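Asker: My structure is below; once you've seen it, I'll send some questions.
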Amino acid sequence: MSPARLGVGRKLGYGLGDFGLGLLFLTASQFLLYYYTDVLGLSPSLAGWVFGAAVVWDALIDPVMGALANRTASRWGRYRPYLLLSAVPLALAWALIFLPTGLTGWALVAFALGAHLIFRTVYTIAAMPYLALSAAMTEDSAERSGLAAFRLVFQAFAGVLAAFVTLKLAAALGGGQLGWFLTALIYGAAAAAMLVLVFA
């Protein structure tokens with residue numbers, strides 16, 4: 001940890017992480033229930049149960065991941081290794097949610113739930129260390145506030161992109177499950193690239 005002032009480049013590099021993570025999280029928040037009901041054809045109640053179960057799972061594993069990261073020792077510190085190691089798995093887990101399977105009925109529900117749980121797990125592996133990283137970068141409270149400001153700006157940008165581009169991009173890429181899957185591949189690749197940049 002360093003008490004020295006952080007340059008704009010380091011703050012920018014840190015903030016990019018919340019563009020990648022935010023792009024996935026905010027897309028899920030805004031559109032995943034729509035995808036489950038209007039694209040996959042799940043009933044609203046089943047879609048709600050799948051989404052709700054994944055949120056509960058997320059709440060359970062967050063403190064576990066936080067404790068694990070705090071006990072990690074590596075030449076890159078406690079938190080940075082998780083950003084690198086989770087980058088590609090996060091992209092794959094995100095794409096898995098939208099994978100066209102041809103499944104129907106309860107098999108489709110089981111797949112949707114399993115894919116969402118996998119995504120939430122990998123997302124936690126990336127997000128918890130990322131959020132904790134700012135405290136390891138500097139002891140200066142003003143500098144930590146600056147890091148948070150950069151993070152929130154990039155998160156807001158990701159939210160705007162998710163809100164105004166996602167549906168149009170999915171439609172432009174063919175619509176239906178294929179359009180959403182291709183969109184997920186693009187978003188997942190962007191998120192993975194951002195995590196690698198933060199690690200670097």
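Asker: Taking the stated definitions as given, is Gln155 polar (S, T, N, Q), in contact with a Ser or Thr (Cβ under 9 Å, 6 or more places away or on another chain) and under 29 Å from Ala47 (Cα atoms)?
Answerer: Working: polar (S, T, N, Q): yes; in contact with a Ser or Thr (Cβ under 9 Å, 6 or more places away or on another chain): no; under 29 Å from Ala47 (Cα atoms): yes.
No; evaluated as a whole, the condition is false for this residue.
Asker: Tell me whether the range 32-41 contains one or more residues that are closer than 30 Å to Ser145 by Cβ and either touching a helix residue (DSSP H, G or I) at 6+ places or on another chain (Cβ under 9 Å) or not charged (D, E, K, R) (or both). Please lay out each step first, then the result.
Answerer: So the first thing to find is which residues in the range 32-41 are closer than 30 Å to Ser145 by Cβ, and the list is none.
Within the range 32-41 (the criterion being closer than 30 Å to Ser145 by Cβ and either touching a helix residue (DSSP H, G or I) at 6+ places or on another chain (Cβ under 9 Å) or not charged (D, E, K, R) (or both)), the answer is no, since none of the residues qualifies.
Asker: Please go through the range 121-146 and pick out each residue that is surrounded by 14 or more Cβ atoms within 10 Å (Cβ to Cβ) and over 28 Å from Leu92 (Cα atoms).
Answerer: Ala136, Met137, Thr138, Asp140, Glu143, Arg144, Gly146
Asker: Taking the condition among the basic types (Lys, Arg), under 24 Å from Gly7 (Cα atoms) and open to solvent by 30 Å² or more (accessible area, probe 1.4 Å), does Arg71 pass?
Answerer: no
Asker: So which residues in the range 76-99 are in contact with a Pro (Cβ under 9 Å, 6 or more places away or on another chain) and open to solvent by 40 Å² or more (accessible area, probe 1.4 Å)?
Answerer: Taking the range 76-99 and keeping what is in contact with a Pro (Cβ under 9 Å, 6 or more places away or on another chain), we get 78-83, 86.
Answer for the range 76-99, where residues must be in contact with a Pro (Cβ under 9 Å, 6 or more places away or on another chain) and open to solvent by 40 Å² or more (accessible area, probe 1.4 Å): Arg78, Arg80.
Asker: Report yes if Trp49 is among the aromatic types (Phe, Trp, Tyr), at pLDDT below 95 and open to solvent by 40 Å² or more (accessible area, probe 1.4 Å), otherwise no. Even if it seems obvious, please write down each step before you answer.
Answerer: Numbers: among the aromatic types (Phe, Trp, Tyr): yes; at pLDDT below 95: no; open to solvent by 40 Å² or more (accessible area, probe 1.4 Å): yes.
In short, no.
Asker: Could you tell me how many of the residues in the range 148-200 are open to solvent by 50 Å² or more (accessible area, probe 1.4 Å) and not in a helix (DSSP H, G or I)?
Answerer: Residues flagged as open to solvent by 50 Å² or more (accessible area, probe 1.4 Å) and not in a helix (DSSP H, G or I) within the range 148-200 amount to 3.
Asker: For the range 100-122, check the following and say yes or no: at least one residue is at pLDDT 95 or above and closer than 27 Å to Lys11 by Cβ.
Answerer: yes
Asker: Given the residues Ser145, Ser134, Ser141, which is the only one that is within 19 Å of Leu83 (Cβ to Cβ) and at pLDDT below 95?
Answerer: Ser134
Asker: So which residues in the range 100-118 are touching a residue at least 60 places away in the same chain (Cβ under 8 Å), surrounded by 14 or more Cβ atoms within 10 Å (Cβ to Cβ) and touching a helix residue (DSSP H, G or I) at 6+ places or on another chain (Cβ under 8 Å)?
Answerer: Val109, Ala112, Leu113, His116, Leu117
Asker: Restricting attention to the range 29-46, report how many residues are among the polar types (S, T, N, Q) and either farther than 20 Å from Thr166 by Cβ or buried (at least 17 other Cβ atoms within 10 Å of the Cβ) (or both). I'd like the intermediate steps shown before the answer.
Answerer: Residues of the range 29-46 that are among the polar types (S, T, N, Q), as a first pass: 29-30, 37, 43, 45.
Narrowing further to those that are either farther than 20 Å from Thr166 by Cβ or buried (at least 17 other Cβ atoms within 10 Å of the Cβ) (or both): 43, 45.
So the answer is 2.
The values are calculated or read from the model by the stated rules, or taken from the named source; none is laboratory data. Everything numeric in this text was worked out from a predicted model, so none of it was measured. Reconstructed Cβ throughout: ideal geometry from the backbone, glycine too, with neighbour counts over all protein chains shown. The area values use the complete protein model at the heavy-atom level, side chains included, leaving out ligands, DNA and RNA. Shrake-Rupley method; radii C 1.70, N 1.55, O 1.52, S 1.80 Å.
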